[in-house]
Amino acid sequence: MRRLFWLGVGVVAGVALSRKAAETARQATPAGLASNLGDAVRELAGAVGSFGAEVRAGMNEREQELHDMVEERTGVSAPRAEGRHAAAARRPVRRARRAEG
């Protein structure tokens, strides 16, 4: 009975090690390296996007604090800037005239 138990343990260990070795070998191939690099780039892009969103949120919060401070100290309500893109959207669009003929 002991021999059957240890035979089973050996088979399970052999299968597990074989699968691990095959996965390690696959990761060492160019396709495996490209997959790992692609995952790393996607993770980095997500982190950069999150950082940018946090920076923009902090800028907006600080701008609000500054507007409130100016209003409190001067009593004048300053117009709030809606950002560069919103101002550009309100401007009329100039279209070039086509030369007909």
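Give the number of residues within the stretch 59-78 that are at pLDDT 80 or above and not in a helix (DSSP H, G or I). Counting residues in the stretch 59-78 that are at pLDDT 80 or above and not in a helix (DSSP H, G or I) gives 3.
To keep it simple, each residue is scored yes or no on (1) open to solvent by 70 Å² or more (accessible area, probe 1.4 Å); (2) under 22 Å from the mean Cα position of the chain (by Cα); (3) touching a residue at least 24 places away in the same chain (Cβ under 8 Å).
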site: LEU4; (1), (2), (3): yes, no, no
site: GLY8; (1), (2), (3): no, no, no
site: LYS20; (1), (2), (3): yes, no, no
site: GLN27; (1), (2), (3): yes, no, no
site: ALA34; (1), (2), (3): no, yes, no
site: ALA40; (1), (2), (3): no, yes, no
site: ALA45; (1), (2), (3): no, yes, no
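If you go through the stretch 79-100 one residue at a time, do you hit one that is exposed (fewer than 10 other Cβ atoms within 10 Å of the Cβ) and modelled with pLDDT of 80 or more? The answer is no; no qualifying residue exists. Take the conditions (1) surrounded by fewer than 10 Cβ atoms within 10 Å (Cβ to Cβ); (2) at pLDDT 90 or above; SER50 misses just one of them, which is (1).
The values are calculated or read from the model by the stated rules, or taken from the named source; none is laboratory data. The structure presented is a predicted model; accordingly, all values stated were derived computationally and were not measured. Please note: Cβ atoms are built from the backbone with ideal geometry, for glycine as well, and neighbour counts cover all protein chains shown. Surface areas here come from the heavy atoms of the whole protein model, side chains and all, with no ligands, DNA or RNA. Shrake-Rupley method; radii C 1.70, N 1.55, O 1.52, S 1.80 Å.
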